[in-house]
Amino acid sequence: MMKSRLYIDWWLLVPVLILLTFSLTTLLSISSLYFKAQLISIAVSIVAFFIFSRININALKQLTIPIYVGAIILLLIVFLVGMETRGSVRWIDLFGLRIQFSEALKPLLAISFATYVSNMHHPTKKSFFLLFVLLAPVAFLIYRQPDLGSALVYVTTVILTLITIGFSLKWFLLASLPALITIPFVWPHLHDYQQQRIITFLNPTADPLGTSYNSMQAIIAVGSGSFFGKGWFQGTQSSLLFLPERHTDFIFATLSEGLGFIGAAFVVLTFGFLCYRVYLIFRDTQDRFTQVFAASFFSLLIVQGFMNIGMNVGLLPIVGVTLPFVSFGGNSLLSNFIFLGILSTMSVSQKDKSVLEIK
């Protein structure tokens, strides 16, 4: 199942290493414990990258159904043996390691998704709606943990992926009608904190010491960084603990406070370059499976990046979504490096194929 040759697309890896440098420096300014833990996670993730950059993609394609069924089972197991943290059951403790399946399963489910879509000779309305039937139990189980942010990431990533690879917009408009009709019925079933986050988004200053606190502190942190920032270890909102979740959901605000507009813009541009490189792999390949998989990772990066930065600057409600390769978290880091490893081997294989065709 492994290849003898090492496949590395450095145009993918270099921007990631730059983002990791910003991440580690920011985490060190917060706590040496976060810095050391993230350093270990990076080491493990890089090993996973090299493993998956050598893996036989065709062998993985044969596991489409087992991957999907296994994902459902693992998400169900979380409810049985999962650890409860702040009212949510999202992790299981395995030999001292905290595993979040909603994160860890992303690249594997992307393989299953890409295989299914790439096998469609001519996408039909039936196959289009079947995709969302298959997505529904995954998104529902994640939502019930409860983890509304991750559930939204899954759904929006699939939608953006299908749009990117050319599915008709008319089908999405048709599919959105039932969703729009059910909104009034869904609202009462949202958790109180989820309702409050939406209300806070619509009126950010409604409760500055309560439901609006997180959003306002993030905006203050970003704004106080001004153009050049306060400097490393000089941030007040983050170092004095005014800013909540300063190492995960609001690390962009922490970074912006320390480095200002210049540093934040450089991070956004680096992140944008990474997205563009993934898009080029999607654009330049003739292999349908590679197209769908690359589009999935591209969409995932865009969705998570937009949602995280958007909630840090007050443009979106707070839904608890991390910034890829920047936020603290081993599960997210491992998942994204697996994506990178698989995409790297696809990219280099495509280049080798193009060279052989020219010869």
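The values are calculated or read from the model by the stated rules, or taken from the named source; none is laboratory data. What you see is a predicted model; the values in this text were computed from it and never measured. Heads up, the Cβs are rebuilt from the backbone with ideal geometry, glycines too, and the neighbour counts pull from every protein chain shown.
Of these, Thr236, Thr254, which one is of a type outside the set (Asp, Glu), modelled with pLDDT of 85 or more and closer than 21 Å to Phe35 by Cα?
Details: Thr236 fails: modelled with pLDDT of 85 or more.
Of Thr236, Thr254, the one residue that is of a type outside the set (Asp, Glu), modelled with pLDDT of 85 or more and closer than 21 Å to Phe35 by Cα is Thr254.
Screening Val117 on (1) over 22 Å from the mean Cα position of the chain (by Cα); (2) of a type in the set (Val, Ile, Thr); (3) closer than 30 Å to Trp171 by Cα shows it passes everything except condition (1). Applying the set (1) under 17 Å from the mean Cα position of the chain (by Cα); (2) more than 21 Å from Arg288 (Cα to Cα); (3) not basic (Lys, Arg) to Phe95 leaves exactly one unmet item: (1).
Sort out which residues of the stretch 215-228 are in a loop (DSSP other than H, G, I, E, B) and under 27 Å from the mean Cα position of the chain (by Cα), and write them in order of number. Please lay out each step first, then the result.
Initially, the stretch 215-228 is screened for residues in a loop (DSSP other than H, G, I, E, B), giving 225-228.
The answer is Gly225, and nothing else.
Surrounded by fewer than 18 Cβ atoms within 10 Å (Cβ to Cβ) and modelled with pLDDT under 90: which single residue out of Ser127, Ser118 fits that description? Exactly one residue qualifies, and that residue is Ser127. Scanning the stretch 78-118 for residues that are touching a strand residue (DSSP E or B) at 6+ places or on another chain (Cβ under 7 Å) and in a helix (DSSP H, G or I), we see that the one that is nearest to Thr345 (Cα to Cα) is Ser102. Among the candidates Leu20, Leu28, the residue that is of a type in the set (A, V, I, L, M, F, W, C), assigned to a helix (DSSP H, G or I) and either surrounded by fewer than 18 Cβ atoms within 10 Å (Cβ to Cβ) or without any contact (Cβ under 8 Å) to a residue 40 or more places away in the chain (or both) is uniquely Leu28.
Would you call Phe35 part of a helix (DSSP H, G or I), at pLDDT below 95 and among the aromatic types (Phe, Trp, Tyr)? No: the conditions fail for Phe35. Taking the stretch 247-289 as the range and being of a type in the set (S, T, N, Q) and not in a helix (DSSP H, G or I) as the test, the residues that pass are Thr248, Thr285, Gln286. Checked against the criteria, Phe273 counts as surrounded by fewer than 22 Cβ atoms within 10 Å (Cβ to Cβ), at pLDDT 95 or above and either of a type in the set (S, T, N, Q) or within 21 Å of Leu17 (Cα to Cα) (or both).
Is it true that some residue in the stretch 145-160 is more than 25 Å from Pro324 (Cβ to Cβ) and either surrounded by fewer than 20 Cβ atoms within 10 Å (Cβ to Cβ) or not polar (S, T, N, Q) (or both)? Break it down into steps so the answer makes sense when it comes.
At the first step, the residues of the stretch 145-160 found to be more than 25 Å from Pro324 (Cβ to Cβ) are none.
No.
If the condition is being among the aliphatic types (A, V, I, L, M) and not in a helix (DSSP H, G or I), then the stretch 308-341 contributes Val313, Leu315, Leu316, Ile318, Val319, Val321, Leu323, Val326. Taking the criterion of being of a type in the set (D, E, K, R) and within 30 Å of Ala139 (Cβ to Cβ), the only residue of the stretch 27-82 that qualifies is Lys61. Of the candidates Ala71, Ala59, the single residue that is small (Gly, Ala, Ser), loosely packed, with under 12 Cβ neighbours inside 10 Å and either at pLDDT 85 or above or part of a strand (DSSP E or B) (or both) is Ala59. Look at the stretch 279-294: where a residue is among the basic types (Lys, Arg) and a partner is at pLDDT below 95, sitting 6+ places away or on another chain with Cβ atoms under 6 Å, you get Arg288/Ser118.
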